[in-house]
Amino acid sequence: MKKLFFPLSFILLLILTACSEDPEVIREQTSTSTNTLLDESGEVLYIANIDVNTVSIVDPSTKEVMDEIPVGKEPRQLALSPDGKTLYVSTMYSNQIDVIDLKKKKVTDSIPTANEPFGLVTSPDGTTLYVANYRSSSVSVIDLQEEKTTKTIQVDERPRTLTMTKDGQKIYVPHYLSGKISVIETNEDAVTSIIKLVDSPDQNDPKVSQGIPNKLEQFVIAPDGKTAWVPHLVTNVDTPINFEETVFPAISVIDLEEDKELVDQRKELFDEINVLDVDNETLIVSNPYDVAFDPEGKKAYVVMAGSEDLVVFDLTRGGNATQVLRRIPGDNPRGIAISPDGSELYVHNAMSHDLTTINTGGDSAYARAKLSGDNLALIKEDPLSPLEREGKQIFYSGNSDDYATDITGNNWMSCASCHADGDINGLTLTTPKGPRNVPSNVKATETGLFLWDGSRDDFTDYILTIQGEMGGMLDYDAGEELPDDVQHMFDALFAYLDQPESFPVPESPYRADDGSLTDQAELGKELFEGAGNCLSCHGGSQFTNSANALDANGKLSTDNTDFLYDIGTANETDQPSDGDARAHFQNPRTPSQFDVPTLLGVFATAPYLHDGSAETIDDAIERHEYEAKPQFEEGEVAAIAEYVRSID
């Protein structure tokens with residue numbers, strides 16, 4: 001065989017050519033995990049379709065969906081590789097990151113994570129992926145060449161989204177309910193400081209923004225890299241729940257040079273967010289979710305997921321809100337992206353699964369944002385039934401004009417304002433009956449009576465909450481039969497709550513790696529089912545006996561009080577109730593009658609007891625007083641608590 005010989009110069013040319021076809025790409029801008037991601041060129045838009053389990057790829061110039069790619073369960077946020085070839089998707093209920101090859105337009109691999117991955121960002125060179133694990137209170141450091149976790153960084157509870165600085169040296173990790181933001185330095189892969197958002201101080205006027213920061217949705221760095229905006233709520237727990245006095249929208253500003261909050265720059269009602277309507281009344285907005293800055297940093301655009309509005313802030317004239325673009329078409333806007341030239345905004349409506357385009361009008365102080373064209377449908381098929389979808393839209397809506405009647409007064413709040421993401425907000429609110437810990441909706445339709453005192457037996461009874469706490473439906477007599485179109489709203493809400501995938505029981509991070517109970521939890525299970533006599537109340541598949549509160553016809557009834565208990569946890573401020581109009585005042589309650597809550601996923605619902613006075617499950621068990629309670633030996637309460645934390 002004849003041998004071929006090539007000159008050295010030719011071989012070097014081949015090597016250089018091969019290298020030039022795949023140059024190393026280094027990202028040179030900040031990276032924010034988001035559900036609505038525009039590539040650097042502005043030519044392709046990627047959108048995570050939360051409950052449809054797909055990712056849509058959109059051409060924003062032609063307003064066309066180019067592809068819809070199936071992914072795992074509950075895709076929440078996205079990250080793009082620096083070279084733009086790979087899209088990473090956090091699939092929250094699949095406990096994995098799906099890897100989409102954008103040339104092949106399909107998932108080519110999946111990387112396992114800890115429980116409920118949410119936010120994710122790549123390093124500037126694309127070799128490392130950081131993932132916030134919501135239920136495991138950790139951030140995974142993943143080697144993308146090996147596609148495995150090389151380190152786990154423990155952080156505070158409920159890490160949500162992630163944002164990396166331009167130089168890749170810091171990652172900011174907002175914690176959804178605590179008002180904290182962990183700062184991770186990537187050269188150490190460790191938390192080096194924590195920013196705690198301050199409480200908004202009490203005001204003489206209860207209708208002025210005040211309270212505890214929670215529901216931190218995003219962390220978006222301004223174009224100059226010096227500050228970041230964090231949309232969230234502040235919740236007032238000091239006064240009885242009232243739609244105008246409890247939940248307020250806010251955007252906090254973080255100094256990234258000092259890693260501290262610029263407290264005097266927080267945007268709140270009725271100061272920095274105070275745009276008047278034609279009647280000289282403040283336009284109330286609710287549930288701020290995402291932020292986009294124009295490229296020059298002169299304006300900021302914030303989508304309000306509850307009231308379904310866009311709020312424009314002028315950063316050259318004091319940083320206050322100057323425009324509210326009322327009623328973005330679609331339901332529950334949760335994502336926003338801005339074109340590279342700052343002329344267009346792309347808003348992702350998470351519940352109607354469509355895209356709204358808004359013309360910014362430019363960065364002039366006199367420019368006004370305006371809708372541009374019709375909405376673009378992002379999905380081919382909705383896995384929810386029309387009734388379930390309507391119920392989910394209502395649950396997340398603070399739009400007072402969108403349904404048969406108002407779900408809230410004057411756009412102030414949504415069901416999700418307190419039941420954050422359908423779950424809890426970790427706070428204890430003041431009610432006429434006394435302090436009440438916000439419960440989770442997990443298995444709410446299957447666990448018997450409603451409320452801590454079991455004073456409701458029918459889901460339509462929640463008109464009392466809507467009227468008394470949310471300020472909606474005030475035109476109706478709660479004691480009378482509701483019109484069909486209003487009753488339909490409750491039927492839709494129930495259908496959504498009852499849908500198995502709506503509020504799945506969270507997987508416990510306290511189990512062993514193979515999902516089994518730890519040795520201590522096994523001991524706790526033995527005590528729970530035996531000497532502790534816990535099954536007498538927390539028995540059955542739902543770990544509660546509340547569903548046994550039936551009348552003579554076998555129907556759930558508030559008249560049956562045999563399954564309400566006094567376990568010695570009453571608060572001195574608890575008040576008796578004469579009952580309510582829905583039950584024709586046949587459901588009175590003393591301050592010592594409490595319904596048995598389910599223990600499914602209870603590890604995720606701190607604080608505990610009806611008044612939130614027990615910070616841990618151990619505390620709650622210690623506080624229980626009942627006739628058959630034994631004298632536990634040292635370590636036995638801890639073992640029972642370990643088992644209870646493992647129940648999922």
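Assuming R0 = 22 Å, can you tell me the calculated FRET efficiency for the pair Asp125 and Gln154, based on Cβ-Cβ distance, to the nearest 0.05?
Numbers: r = 25 Å, r/R0 = 1.15.
Computed FRET efficiency for Asp125 and Gln154: 0.30.
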Check: Exactly which GluC sites (Glu not before Pro) in the range 95-186 are in a DSSP loop and have at most 11 other Cβ atoms within 10 Å?
Finding: Glu146
Notebook entry, point to check: What's log10 of I(q)/I(0) for the range 528-648 at q = 0.15, 0.21 Å⁻¹, Debye sum over Cα points only, no solvent?
Noted result: -0.77, -1.34
Margin query: On a full-extension model of 0.36 nm per residue, what is the gain between Glu622 and Val198, subtracting their alpha-carbon distance, rounded to one decimal in nm?
Written below: 149.4 nm
Check: Accessible surface of Leu517 in the full protein assembly, 1.4 angstrom probe, to the nearest 10 Å²?
Finding: 30
Checklist line | Rounded Å value of the spacing that divides the Cα centres of the range 602-629 and the range 228-292 | finding: 33
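So, with a 1.4 angstrom probe, what is the percent of accessible area on the chain that is carbon and sulfur?
48
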Next item on the list: Mind checking the full-extension length gain between Ile26 and Glu147? Use 0.36 nm per residue of separation minus the Cα-Cα distance, one decimal, nm.
Entry: 41.6 nm
Next item on the list: Would you rank His584, His610 by solvent-accessible area, highest first, keeping every protein chain in place and using a 1.4 Å probe?
Entry: His584, His610
Margin query: Out of the GluC sites (Glu not before Pro) in the range 561-648, which ones are loop residues according to DSSP with at most 10 other C-beta atoms within 10 Å?
Written below: Glu572, Glu625, Glu627, Glu633, Glu634
Item checked: Relative packing of 271-281, 386-396, which averages over residues the other C-beta atoms within 10 Å, highest first -> 386-396, 271-281
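Over 22 Å between Cα atoms: which of Lys196/Lys299; Lys104/Lys380; Lys148/Lys196; Lys73/Lys392 fall into that group?
Where the Cα-Cα span goes over 22 Å, the pairs concerned are Lys196/Lys299; Lys148/Lys196.
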Check: Points 7 angstrom from Cα along the Cβ direction at Thr431 and Gln169: gap in nanometres?
Finding: 5.0
Notebook entry, point to check: Which lysines does Lys629 reach when only Cα atoms under 18 Å apart count, and residues fewer than 8 places away in its own chain are ignored?
Noted result: Lys525
Checklist line | Dipole magnitude (debye, nearest 20) for the chain, charges at Cβ of Lys, Arg, Asp, Glu | finding: 2000
Check: At a probe size of 1.4 Å, how large is the accessible area of Lys105, to the nearest 10 Å²?
Finding: 80
Check: Quick one: which of Lys267/Lys298; Lys180/Lys215; Lys151/Lys215; Lys106/Lys166 span more than 18 angstrom between C-alpha atoms?
Finding: Lys151/Lys215; Lys106/Lys166
Next item on the list: Note down the nm distance, to one decimal, between modelled labels 7 Å out along Cα→Cβ at Leu262 and at Thr573.
Entry: 3.6
Next item on the list: Go ahead and run the numbers for FRET between Glu296 and Ser61, Cβ-Cβ distance against an R0 of 25 Å, rounding to 0.05.
Entry: 0.70
Check: Expressed as a rounded percentage, what relative contact order does the range 560-599 have, with Cα pairs under 8 Å and six or more residues apart?
Finding: 46
Notebook entry, point to check: Which distance in Å, rounded to a whole number, links the C-alpha centroids of the range 512-589 and the range 181-207?
Noted result: 36
Notebook entry, point to check: Can you tell which of Ala512, Ser252, Val89 lies farthest toward the positive end of the dipole of the chain, using +1 and -1 charges on the Cβ of basic and acidic side chains (Lys, Arg; Asp, Glu)?
Noted result: Val89
Next item on the list: Calculate, in nm to one decimal, what Lys629 and Lys380 gain on full extension: separation in residues at 0.36 nm each, minus their alpha carbon distance.
Entry: 84.0 nm
Notebook entry, point to check: When all alpha-carbon pairs of the range 117-259 are counted, what percent fall beyond 23 Å?
Noted result: 38
Note to self: Probe of 1.4 angstrom, ligands and nucleic acids ignored: what's the accessible area per residue over the chain, in square angstrom?
What the structure shows: 42
Checklist line | Cα long-axis angle, helix 386-395 against the chain (0 to 90 degrees, to the nearest 10) | finding: 80
Check: Using alpha-carbon pairs under 8 Å, 6+ residues apart, how would you state the relative contact order of the range 135-206 in percent?
Finding: 19
Notebook entry, point to check: trypsin sites (Lys or Arg not before Pro), restricted to the range 476-583: which are DSSP loop and have at most 16 other Cβ atoms within 10 Å?
Noted result: Lys555
Next item on the list: Output the relative contact order of the chain, whole-number percent, from Cα pairs under 8 angstrom with separation of 6+ residues.
Entry: 8
Note to self: Under a crude label model (7 Å from the Cα following the beta-carbon direction), how far is Leu474 from Asp189 in nanometres?
What the structure shows: 5.6
Notebook entry, point to check: Can you give the three extents of the C-alpha atoms in the range 46-146 along their principal axes, from longest to shortest, in whole Å?
Noted result: 41, 30, 20
Check: Based on DSSP H runs of at least 4 residues, each adding -39500 (n - 2.57), what is the mean residue ellipticity at 222 nm of the chain after dividing by all its residues, to the nearest 500 deg cm²/dmol?
Finding: -3000 deg cm²/dmol
Note to self: With just the Cα atoms defining each centre, how far is the range 444-465 from the range 372-435? Give it in Å.
What the structure shows: 18
Margin query: Can you compute the FRET efficiency between Lys85 and His584 using 1/(1 + (r/R0)^6), with r the Cβ-Cβ distance and R0 = 51 Å? Round to the nearest 0.05.
Written below: 0.20
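The values are calculated or read from the model by the stated rules, or taken from the named source; none is laboratory data. If you're wondering where the values come from, they're calculated on a predicted model, not measured in any experiment. Methodologically, a virtual Cβ is constructed for each residue, glycine included, from the backbone with ideal geometry; neighbour enumeration extends over all protein chains shown. These accessible areas exclude ligands, DNA and RNA; they are computed on the full protein's heavy atoms, side chains included. Shrake-Rupley method; radii C 1.70, N 1.55, O 1.52, S 1.80 Å.
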